[in-house]
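Heads up, the thing below is written out as structure tokens.
The values are calculated or read from the model by the stated rules, or taken from the named source; none is laboratory data. Everything numeric in this text was worked out from a predicted model, so none of it was measured. All Cβ positions, even for glycine, are placed from backbone atoms using ideal geometry, and neighbour counts span all protein chains on display.
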Amino acid sequence: MIEISEGIYVSDDLPVVYFRPLDAVVMSDIHIGFEEEMARKGIFLPRVQKKRFLSVYRKAREIFNSKTLIINGDLKHIYERLGTQERMELTEIFTQLKEEGMEVKVIKGNHDTYISLVTDKFDNVELLEELTHSGVTFTHGHKEVDLNSANTVVIGHEHPRISLRDRIGYARRMQCFLVVPLSASGKRVVALPSIGSYQSGNDISLSHANFMSPIMRKLAVLERTKPYIIVEGQGILEFPELGVIKDLLA
């Protein structure tokens with residue numbers, strides 16, 4: 001395991017972190033129901049989001065041997081309602097997690113409207129706006145964050161991906177974690193990659209305007225931001241700060 005921030009670890013080639021003080025696996029941006037929303041727009045996609053989530057969850061549970069799962073926002077996808085696919089697949093997911101003895105904490109993201117219609121039916125699932133423990137706040141990232149209660153803020157929302165150019169101009173795109181110093185002294189953000197197969201990532205850069213989270217747009221020290229890149233089938237690579245590799249960014 002690699003400790004990327006105090007008490008926060010990554011391992012293998014998983015797009016999740018392990019938070020040791022709570023013995024919890026943390027993941028973000030699953031977007032169950034995305035296929036249903038696209039079908040409504042006339043775009044028909046294979047239904048793979050649930051399968052992808054379960055694959056990542058099972059591997060993470062095997063590696064970290066944890067009984068607690070924190071979903072840091074955007075478990076579902078459709079904004080304005082609870083879709084039929086969302087209701088069915090979320091019920092299937094929570095039923096399986098309950099049968100396996102998992103305690104689940106769902107932190108609401110901007111897509112998680114009406115999710116309480118499902119979570120309220122499960123006594124092993126807790127729905128939260130945010131969670132703070134041992135100086136770390138878990139919040140999805142779409143809203144302002146109170147930095148007085150924590151030194152580290154773990155967010156999703158950004159779907160970070162790094163695109164690197166080689167010498168002949170070919171760009172390779174890879175999901176990554178970001179460890180981001182903030183202009184507020186001693187504070188930092190850890191940004192998680194997405195889980196959803198169709199949310200492959202947004203390219204990071206040294207422009208604050210390219211980020212969606214208020215905390216990133218206002219306070220991130222991007223030149224000193226360190227990416228940890230997921231290489232599927234191989235592991236996670238620690239890269240130099242963005243300011244050092246800026247000429248390689250596509």
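Name every residue in segment 1-53 that is aromatic (F, W, Y) and not in a loop (DSSP other than H, G, I, E, B), in order of residue number.
Taking segment 1-53 first, the residues aromatic (F, W, Y) are 9, 18-19, 34, 44, 53.
Of everything in segment 1-53, those that are aromatic (F, W, Y) and not in a loop (DSSP other than H, G, I, E, B) turn out to be Y9, Y18, F19, F34, F53.
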- Query: How many of the residues in segment 39-71 are out of contact with any helix residue (DSSP H, G or I) (no Cβ under 9 Å at 6 or more places or on another chain) and either in contact (Cβ under 8 Å) with a residue 60 or more places away in the chain or not hydrophobic (A, V, I, L, M, F, W, C) (or both)?
  - Reply: 12
- Note on the structure: Reported set for segment 36-90 where residues are under 20 Å from N124 (Cα atoms) and polar (S, T, N, Q) is N65, S66, T68, N72
- Message: Which condition from (1) loosely packed, with under 14 Cβ neighbours inside 10 Å; (2) at pLDDT below 90; (3) among the hydroxyl-bearing types (S, T, Y) is the one that Y198 breaks?
- Response: (1)
- Query: On the given criteria, is T113 closer than 19 Å to A24 by Cα and within 18 Å of the chain's Cα centre (by Cα)?
  - Reply: no
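Report yes if some residue within segment 238-249 is surrounded by 14 or more Cβ atoms within 10 Å (Cβ to Cβ), without any contact (Cβ under 8 Å) to a residue 60 or more places away in the chain and part of a strand (DSSP E or B); otherwise report no.
Step one: filter segment 238-249 for residues surrounded by 14 or more Cβ atoms within 10 Å (Cβ to Cβ), giving 239, 241-242, 248-249.
Now drop any that are not without any contact (Cβ under 8 Å) to a residue 60 or more places away in the chain, which leaves 241-242.
Filter once more, keeping what is part of a strand (DSSP E or B): none.
Scanning segment 238-249 turns up no residue that is surrounded by 14 or more Cβ atoms within 10 Å (Cβ to Cβ), without any contact (Cβ under 8 Å) to a residue 60 or more places away in the chain and part of a strand (DSSP E or B).
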- Go through (1) surrounded by fewer than 22 Cβ atoms within 10 Å (Cβ to Cβ); (2) within 19 Å of E80 (Cβ to Cβ); (3) among the small types (G, A, S) and name the single condition G33 misses. (1)
- Note on the structure: Among (1) in contact with a Gly (Cβ under 6 Å, 6 or more places away or on another chain); (2) of a type outside the set (D, E); (3) surrounded by fewer than 23 Cβ atoms within 10 Å (Cβ to Cβ), H140 falls short only on (3)
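Here is a yes/no grid of residues against (1) of a type in the set (G, A, S); (2) over 23 Å from D13 (Cα atoms); (3) surrounded by fewer than 20 Cβ atoms within 10 Å (Cβ to Cβ):
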position	(1), (2), (3)
E126	no, yes, yes
N148	no, yes, yes
E158	no, no, no
R161	no, no, no
P181	no, yes, yes
V189	no, no, no
I215	no, yes, no
- Go through segment 106-155 and count every residue that is over 24 Å from R81 (Cβ atoms), among the charged types (D, E, K, R) and touching a Pro at 6+ places or on another chain (Cβ under 9 Å). 1
- Taking P193 as meeting all but one of (1) in contact with a helix residue (DSSP H, G or I) (Cβ under 9 Å, 6 or more places away or on another chain); (2) part of a loop (DSSP other than H, G, I, E, B), write down the number of the exception. (1)
- Query: In the list R47, R87, which residue meets the criterion of being closer than 18 Å to S200 by Cα, surrounded by fewer than 20 Cβ atoms within 10 Å (Cβ to Cβ) and not small (G, A, S)?
  - Reply: R47
- Filter segment 198-222 for residues that are within 15 Å of H157 (Cα to Cα) and assigned to a loop (DSSP other than H, G, I, E, B) and give the result. Y198, Q199, S200, G201, I204, F211, M212, S213
